[in-house]
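Report on one structure; see the data block that follows.
The values are calculated or read from the model by the stated rules, or taken from the named source; none is laboratory data. Predicted, not measured: the structure shown is a model, and the values here were computed from it. Quick reminder, even Gly has a Cβ in these numbers, built from the backbone with ideal geometry, and neighbours come from all protein chains shown.
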Amino acid sequence: MLRRIRWLPVSLLLGCLDSFAPAGAAPFNPPASYRAWWAAMEACAGTTGDFDRVAWYAVEGSSYPCPAYDGRCEGWWQPPHTVYIAQTLLDDRRLVEHEMLHDLLQRGDHPPVFQACGV
């Protein structure tokens with residue numbers, strides 16, 4: 001019994017780690033334009049969220065292996081508040097706003113609001 005309890009803290013810690021972290025992902029501080037884009041997504045979706053809770057990561061290249069399907073991603077939202085963006089597309093407003101909307105809605109699917117907001 002004591003052997004099992006000894007591993008409990010390690011198991012809990014591993015359970016808190018991000019299950020998806022693409023190779024070459026590096027944290028970055030989003031530019032000021034991201035705050036304006038966030039506000040635009042809040043207004044369009046009719047919801048609010050805390051921009052500062054999002055952890056932003058740039059991933060080397062123009063795309064990376066995607067966990068959602070057999071293919072490649074340019075952007076990916078990982079719950080609860082992590083966004084990965086391909087490094088060459090960090091200034092792609094539509095892509096960034098798309099990932100922001102995932103975070104604001106806290107869902108990984110694409111309800112009609114994505115189309116309504118043009119992302």
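Okay, here's what the table says:
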quantity: Answer residue from segment 46-68, given it is assigned to a helix (DSSP H, G or I) and without any contact (Cβ under 8 Å) to a residue 24 or more places away in the chain and is surrounded by the most Cβ atoms within 10 Å (Cβ to Cβ) among those; calculated: Phe51
quantity: Extreme residue, farthest from Gly49 (Cα to Cα), among residues of segment 69-119 that are among the polar types (S, T, N, Q) and part of a helix (DSSP H, G or I); calculated: Thr88
quantity: Failed criterion for Ala43 (all others in (1) under 23 Å from Thr88 (Cα atoms); (2) small (Gly, Ala, Ser); (3) assigned to a helix (DSSP H, G or I) hold); calculated: (1)
quantity: Sole exception among (1) exposed (fewer than 13 other Cβ atoms within 10 Å of the Cβ); (2) in contact with a helix residue (DSSP H, G or I) (Cβ under 7 Å, 6 or more places away or on another chain); (3) of a type outside the set (Lys, Arg); (4) on the phi > 0 side of the Ramachandran plot for Gln106, by number; calculated: (2)
quantity: Scope segment 39-62; condition closer than 16 Å to His98 by Cα and under 13 Å from the mean Cα position of the chain (by Cα); matching residues; calculated: Phe51, Val54, Ala55, Trp56, Tyr57, Ala58
quantity: Residue selected from segment 90-103 under the condition over 8 Å from the mean Cα position of the chain (by Cα) and more than 17 Å from Asn29 (Cβ to Cβ), by the criterion surrounded by the fewest Cβ atoms within 10 Å (Cβ to Cβ); calculated: Arg94
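A quick yes/no check of all residues on (1) over 15 Å from Val119 (Cα atoms); (2) at pLDDT 95 or above:
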residue: Asn29; (1), (2): yes, yes
residue: Thr48; (1), (2): yes, yes
residue: Trp56; (1), (2): yes, yes
residue: Ser63; (1), (2): yes, no
residue: Tyr69; (1), (2): yes, no
residue: Val83; (1), (2): yes, yes
residue: Ala86; (1), (2): yes, yes
residue: Leu89; (1), (2): no, yes
